């Protein structure tokens, strides 16, 4: 009888541990990660979401992100080793915008997303992921 009680208790504890870690495992399986809020000289607000589509890593600006009124705002990412990659321009011909981009395969991970003014060579704002993604 005592053996059955101990066995049942172990099963319950094991199930509790599995259920407690399920949200973490499911979040990693979904391959969706969101940065904190942008902060900087010209960009204060909005976030970036990282998703995967097959082998493609995609970054998407949130709907509340406002593109700064500067000559040449660009996407820029920083990896966990501090390497910086200047990517696409945010505003393209007319009023078209690159609010979502595919990250090049040579970028191994992303720790921060920055908005960079290529004309003035100035950091306009940045947002960080809780831990590097990819």
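The values are calculated or read from the model by the stated rules, or taken from the named source; none is laboratory data. Predicted model, so just to flag it, every value in this text is computed and none were measured. Every residue, glycine among them, receives a Cβ derived from its backbone with ideal geometry; neighbour counts consider all protein chains shown.
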Picking from 94, 125, 82, the residue that is in contact with a strand residue (DSSP E or B) (Cβ under 9 Å, 6 or more places away or on another chain) and in a loop (DSSP other than H, G, I, E, B) would be 82
If a residue has to be surrounded by fewer than 18 Cβ atoms within 10 Å (Cβ to Cβ), touching a residue at least 24 places away in the same chain (Cβ under 8 Å) and more than 17 Å from residue 46 (Cα to Cα) to count, how many in segment 92-104 make the cut? 1
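So if I check each of 69, 63, which one is at pLDDT below 95, more than 13 Å from the chain's Cα centre (by Cα) and either surrounded by fewer than 16 Cβ atoms within 10 Å (Cβ to Cβ) or outside any loop (DSSP other than H, G, I, E, B) (or both)? Outline the logic, then answer.
On the way: 63 fails: at pLDDT below 95.
Exactly one residue qualifies, and that residue is 69.
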